[in-house]
1. Where the second residue is β-branched (Val, Ile, Thr) and assigned to a helix (DSSP H, G or I) and the first is farther than 15 Å from Ile14 by Cα and lies in the stretch 224-237, which pairs have Cβ atoms under 6 Å and are six or more apart or on separate chains?
2. Which of the residues that make up the stretch 84-127 are under 19 Å from Ala27 (Cα atoms) and surrounded by fewer than 17 Cβ atoms within 10 Å (Cβ to Cβ)?
3. If a residue must be more than 23 Å from Asp67 (Cα to Cα) and surrounded by 19 or more Cβ atoms within 10 Å (Cβ to Cβ), how many such residues does the stretch 140-156 contain?
4. Collect the residues in the stretch 207-231 that are surrounded by 12 or more Cβ atoms within 10 Å (Cβ to Cβ) and modelled with pLDDT under 85, keeping them in residue-number order.
5. State which residue is surrounded by the fewest Cβ atoms within 10 Å (Cβ to Cβ) when the search covers only the stretch 232-258 and only residues that are under 25 Å from Ser219 (Cβ atoms) and out of contact with any Leu (no Cβ under 9 Å at 6 or more places or on another chain).
6. Mind listing whichever residues of the stretch 1-56 are surrounded by 22 or more Cβ atoms within 10 Å (Cβ to Cβ) and either free of Cβ contacts under 8 Å to residues at least 12 places away in the same chain or among the β-branched types (Val, Ile, Thr) (or both)?
7. Find the residue count for the stretch 137-157, including only residues that are out of contact with any Ser or Thr (no Cβ under 6 Å at 6 or more places or on another chain) and closer than 15 Å to Ala177 by Cβ.
8. For Arg178, only one of the following conditions fails: (1) over 13 Å from Tyr255 (Cβ atoms); (2) touching a helix residue (DSSP H, G or I) at 6+ places or on another chain (Cβ under 8 Å). What is its number?
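The values are calculated or read from the model by the stated rules, or taken from the named source; none is laboratory data. What you see is a predicted model, and the numbers here were worked out from it, not measured in a lab. FYI the Cβ positions are ideal-geometry reconstructions off the backbone, even for glycines, and counts take in every protein chain you see.
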Amino acid sequence: MTGSSGMLAGKVVIVTGAGSGIGRAAALLFAREGARVGIMERDATSGTEVTELIAQQGGEALFCQADVAQEEQVSAAVDAVVARFGRLDGAFNNAGVEMSNQLVPDLSTPDWQRVIDINLTGVFLCMRHQTRAMAQDGGAIVNMSSGDGIIGQPHAADYVASKHGVIGLTRAASCEARYTKVRVNALLPGLILTPMVEERLFANPAFEAQVAPMAERHSIGRFGKPEDVAEAALWLLCDRSAFINGALLTVDGGYTAR
């Protein structure tokens, strides 16, 4: 799988939240495109499974169990990837959690803090350590925001705030590219059919009333697949997008166009 061909040939790339959904699709795609992949995932079972799948297909991957909200775990994971592969060229900061499905008056401080810690602070912690690791040769970072990072949504103040924050963080960091030599862009997916969405949102009665309106807003006529987002991340990490910096790429089937 790895070798001299592929859009990420010769590169070392970290994927956070790589055990399932978009992260899993991205890790497998990046490996097929020639990257050696650092698998950052807090669930040991799914993280190990993806790592083994990449190995079975002829690729190279290293599993690092890590919670992105815990800085010492993030630092250790980045260091382990660099120690194993000798460098770091890219990162896809995909790890995240869904909203608490509460109106603002009912949203508890612990629920708010949990979403902010993982979706926003987790991205910051990963970026800080990844950028340091890329300092000598530069690289590219893709952060996971959301279509909800540029619009509002009821029952989702915690999630919407975190994803707006990722956009601000991405744009600010992209302005430092002349100093860090690291391009930073963000993806803004629509509703993607991942295990998180299907098992924790669609199965939640509190979310049921929102499904039909969200489906209607995806004017392409369907919800997204993890592979749709993985392909966009691949392009932003490869050298073909070398002049793309500070961009917000919607991968949302027209969700935010209406």
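1. Pro226/Ile22; Val229/Ile22
2. Once the filter is applied, which keeps residues that are under 19 Å from Ala27 (Cα atoms) and surrounded by fewer than 17 Cβ atoms within 10 Å (Cβ to Cβ), the stretch 84-127 yields Arg84, Gly86, Arg87.
3. Restricting attention to the stretch 140-156, the residues satisfying the condition of being more than 23 Å from Asp67 (Cα to Cα) are 147-148, 150-155.
Imposing the further condition that a residue be surrounded by 19 or more Cβ atoms within 10 Å (Cβ to Cβ) reduces the set to 147-148, 155.
Total satisfying the criteria: 3.
4. Answer for the stretch 207-231, where residues must be surrounded by 12 or more Cβ atoms within 10 Å (Cβ to Cβ) and modelled with pLDDT under 85: Phe207, Gln210, Val211, Met214, Ala215, Arg217.
5. Arg258
6. If the condition is that a residue be surrounded by 22 or more Cβ atoms within 10 Å (Cβ to Cβ) and either free of Cβ contacts under 8 Å to residues at least 12 places away in the same chain or among the β-branched types (Val, Ile, Thr) (or both), then Thr2, Val12, Val13, Ile14, Val15, Thr16, Ile22, Val37, Ile39, Val50, Thr51, Ile54 are the ones that fit.
7. The qualifying residues number 6.
8. Of the numbered conditions (1) over 13 Å from Tyr255 (Cβ atoms); (2) touching a helix residue (DSSP H, G or I) at 6+ places or on another chain (Cβ under 8 Å), the odd one out for Arg178 is (2).
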